[in-house]
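This report concerns only the one structure given below.
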Amino acid sequence: MAKERLIIFDTTLRDGEQSPGAAMTKDEKVRIAKALEKLRVDVIEAGFPIASPGDFEAVRAVAGTVRDSIVCALARARDEDIDRAAEALEPAAARRIHTFIATSPIHMEKKLRMRPEQVIEAAVHAVKRARRYTDDVDFSPEDAGRSDPDFLCRVIEAVIDAGATTINIPDTVGYTLPHQYAALIRNLIERVPNSDKAVFSTHCHNDLGLAVANSLEAVLAGARQVECTINGLGERAGNAALEEVVMAVRTRQDVFPCDTRIDTTQIMNCSRLVANITGFAVQRNKAIVGANAFAHESGIHQDGVLKHRETYEIMRPEDVGLSSSKLVLGKLSGRNAFRSRLKELGVEFESEEALNRAFQAFKALADKKSTIYDEDLIALATDQLLEEENERIKLVWMRVESETGETPRATVTLNVDGEERTASAIGDGLVDAAFKAVQSIVALPARLELYSVNSITGGTDAQGEVSVRLVHEGRAVNGQGADTDIVTASVRAYVNALNKLRSRALRAHPQLSAI
Ligand code: KIV
Ligand code: ZN
């Protein structure tokens, strides 16, 4: 018998972006949205259009790009929010409006200052307004986990009557335990008279480390949509991690009465892309996508896996798109092999020119590094995309000098708006000296808030992948760079972030101050 569909609603671009420091540019959001489409998520929540002009533009750009997933926009239960969401979603092939209002006593009294009857009225009005624009309307009673179940039943019955097709039950503050959250969902489905006219959905935050457990228990209790994010990115401790939910359901098909349409081989690509763009590195022992998730260290385990893989492995690394770092291409590989391997890895170039540039960079890397792994290819392709973003400031050349007992010095030449400029500086280390040289050329007093280096593969000739976060006048941007030379990678990342700060598409933080 065919299994029921479990709908995967990805909110990396909306709730994920609400992580302090994870703000993304429009182009970054579009890149992630394309990767999510390839992953075959059913719904992509692209943002909160009323929050800022930048958020509006990003939702519109995602709506104009994605074709195989429904594109969703968030809106408070207010006319202006819903109209703005609908406007941003105009170019979408399939669109959804997600409207919400808080239903817990503490939120209604202290935040909204509304009586329960007024909240029901506003919720019904919002759903009806959203239905003018689309017949796919998702309604969330915010802080449902701490709401009175009798009141929730009344609100949900009313909004389904008004046309809501998905009822999402947020555990906004990550307070519930798995058995409680599952009982809440079961109870609502049983008690709301018209519950059969909507899909019930989970939305769990990870404050107690229970977001995935809560979501899975709720699926067993009848929920058929899970709202989640790549790498569990999200407000505070994050949201339920998409990759964990999907792989738990896929691996335990003996227990779950439903399955997703996710192409799990795209999971690693999405995870790396989101980590790279946001600068939020994935912890090594994170389930599914951590560097150690499939590494067997103990002799007994290694011996067992070699004799029969399933002795210690419940999933295959290739099922999540892990290539086990095999040598894929070498110095003598041609352009076609390069293009088709990257295509298999989910990277496609928009023009022959971009492909040619990436291929030249590959040849240069192959000269420096004897073995080229899939991870190197992805970093290289990402670097080419970043180069395209670096419209105003480009790294031309640099030299660093370091000697025991001497102060490190760096000399950097940048091309700024078509003009080459050079500066030297000393610093506490080579990276510090190089950053100071760049700063003295660009003269933008941005504060460095994060600097992280990650080795892409093993070995001393591995490429280093650097993320930096710069903050200027309340605006935070992330920059990335990769190179076999860590100082060059660092300067590339710094220059990438400066380009974003200089870009005209200024955006405020997406989260509204007074929701
Ligand atoms: O956590 C939450 O309550 C939310 C809602 C806007 C759905 O993100
Ligand atoms: Zn949330």
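Just so it is clear, none of the values below were taken in a lab; they were calculated from the coordinates. For clarity, every value in this text was computed on a predicted model and none was experimentally measured. So basically every Cβ, Gly included, is an ideal-geometry build from the backbone, and we count neighbours across all protein chains shown.
Sort out for me the Cα centre separation of segment 158-202 from segment 205-277, rounded to whole Å. Computed from Cα coordinates, the inter-centre distance equals 18 Å. For the listed residue pairs Lys26/Lys197; Lys38/Lys307; Lys394/Lys500; Lys3/Lys197; Lys3/Lys38; Lys34/Lys368, the alpha carbons are over 24 angstrom apart in Lys26/Lys197; Lys38/Lys307; Lys34/Lys368. Under 1.5 on a/c is rounded, so check that first for segment 336-376, then, if it is not, pick prolate when a/b is larger than b/c and oblate when it is not; a ≥ b ≥ c are the square roots of the alpha carbon gyration tensor eigenvalues. Oblate, since a/c reaches 1.5 and b/c is not below a/b. A protection proxy built from the mean count of other Cβ atoms within 10 Å ranks the segments 81-90, 286-295, most packed first, as 81-90, 286-295.
When peptides 158-166, 128-136 are ranked by their average number of other Cβ atoms within 10 Å per residue, the highest-first order is 158-166, 128-136. Listed by chain and number, the lysines placed with their C-alpha closer than 30 angstrom to that of Lys111 are Lys128; residues fewer than eight positions away on the same chain are left out. Amide H contacts of Gly47: Leu74, each under 5 Å away and 5 or more positions distant or on a separate chain (H built 1.01 Å from N in the peptide plane; Pro and chain starts excluded). Only DSSP H runs of four or more residues enter the estimate; each adds -39500 (n - 2.57), and after division by the residues of the chain the mean residue ellipticity at 222 nm equals -12000 deg cm²/dmol. Footprinting exposure proxy ranking of Arg284, Arg492, fewest other C-beta atoms within 10 angstrom first, gives Arg284, Arg492. Comparing Ser201, Asn214, Val159 along the charge dipole axis of segment 133-216, the residue lying farthest to the positive side is Asn214, per the Cβ-charge model.
Scalar couplings 3J(HN,Hα) for segment 102-118, obtained by applying the Karplus form with A = 6.51, B = -1.76, C = 1.60 to θ = phi - 60°, are 6, 10, 7, x, 5, 6, 5, 6, 8, 9, 7, 6, 10, 7, x, 5, 5 Hz; x denotes Gly and Pro.
Packing, taken as the mean count of other beta carbons within 10 Å per residue, orders the peptides 70-79, 9-18 from highest to lowest as 9-18, 70-79. Residues in segment 494-501 carry Karplus couplings, in order, of 5, 5, 4, 5, 4, 4, 5, 5 Hz; the curve used is 6.51 cos²θ - 1.76 cosθ + 1.60 with θ = phi - 60°, and Gly or Pro positions show x.
Taking every C-alpha pair closer than 8 Å and separated by at least 6 residues, the mean separation divided by the residue count of the chain gives a relative contact order of 12 percent. Above 37 Å lies some portion of the pair distances; for the chain, what is it as a whole percent of all C-alpha pairs? For the chain, the fraction of Cα-Cα distances above 37 Å is 33 percent. Take every DSSP beta bridge whose two residues both sit in the chain, then give the antiparallel share in percent to the nearest 5. Counting DSSP beta bridges with both partners in the chain, the antiparallel share is about 50 percent. Each Cα pair under 8 Å and six or more residues apart adds its separation to the average, and for segment 7-278 the resulting relative contact order is 19 percent. Shown in residue order for segment 10-24 are the 3J(HN,Hα) couplings computed by the Karplus curve 6.51 cos²θ - 1.76 cosθ + 1.60 at θ = phi - 60°: 8, 10, 4, 7, 10, 5, x, 5, 6, 5, x, x, 9, 4, 10 Hz (x for Gly and Pro). Under a straight-distance cross-link criterion of Cα-Cα below 13 Å, which aspartates and glutamates are reachable from Lys331, leaving out those fewer than 8 residues away in the same chain? By straight Cα distance, Lys331 reaches Asp367.
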